[in-house]
1. Name the residues in segment 54-68 that are closer than 18 Å to residue 16 by Cβ and at pLDDT 85 or above, would you?
2. Just a yes or no: is a residue in segment 84-95 in contact with a strand residue (DSSP E or B) (Cβ under 9 Å, 6 or more places away or on another chain) and either closer than 22 Å to residue 128 by Cα or assigned to a helix (DSSP H, G or I) (or both)?
3. If I ask for residues that are surrounded by fewer than 17 Cβ atoms within 10 Å (Cβ to Cβ) and either under 18 Å from residue 2 (Cβ atoms) or without any contact (Cβ under 8 Å) to a residue 12 or more places away in the chain (or both), which ones from segment 120-131 would you list?
4. Restricting to segment 120-142, name every residue that is part of a loop (DSSP other than H, G, I, E, B) and more than 14 Å from the chain's Cα centre (by Cα).
5. Which of (1) within 20 Å of residue 28 (Cβ to Cβ); (2) touching a helix residue (DSSP H, G or I) at 6+ places or on another chain (Cβ under 6 Å); (3) surrounded by fewer than 16 Cβ atoms within 10 Å (Cβ to Cβ) is the odd one out, the single condition residue 91 does not satisfy?
6. Do we have any residue at all in segment 109-119 that's more than 13 Å from the chain's Cα centre (by Cα), in contact (Cβ under 8 Å) with a residue 60 or more places away in the chain and surrounded by 17 or more Cβ atoms within 10 Å (Cβ to Cβ)?
């Protein structure tokens, strides 16, 4: 099973240890699923983690931030989308998530973003909330 985690899920995992997003990241580290991402999504994650209101909440140094993103880069499947999508018009950055999922042949996109969740599916990729993905993982790996 391969999944793309939206930036909001990864940031929530960092900010809220013990949360559903954190449990998803821990499940990935245990090998419960393959994480897929893309260079644009990794850049977005780096940018968001540097924002003062976020960086101040988890207190990581810049080297810890780079290590987190580097771990994702090194251990995830980093897809190279060839097509720029314009599916989500109200929040164009959400299209980068769709592009990564299509390029990586992902089974799931995990997001807390209603623009993506409202789609429910895109080109065979199921778009689910963190709670739904945790339920899928539990059903798959009881």
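1. Answer for segment 54-68, where residues must be closer than 18 Å to residue 16 by Cβ and at pLDDT 85 or above: 64, 65, 68.
2. yes
3. Keep residues of segment 120-131 that are surrounded by fewer than 17 Cβ atoms within 10 Å (Cβ to Cβ), which gives 120-121, 123-124, 131.
Passing the criteria: 120, 121, 123, 124.
4. Across segment 120-142, the qualifying residues are 120, 123, 124, 141, 142.
5. Condition (1) is where residue 91 drops out.
6. Scanning segment 109-119, I find no residue that is more than 13 Å from the chain's Cα centre (by Cα), in contact (Cβ under 8 Å) with a residue 60 or more places away in the chain and surrounded by 17 or more Cβ atoms within 10 Å (Cβ to Cβ), so the answer is no.
The values are calculated or read from the model by the stated rules, or taken from the named source; none is laboratory data. Bear in mind that the values here come from a model prediction, so they are computed numbers and not experimental data. So basically every Cβ, Gly included, is an ideal-geometry build from the backbone, and we count neighbours across all protein chains shown.
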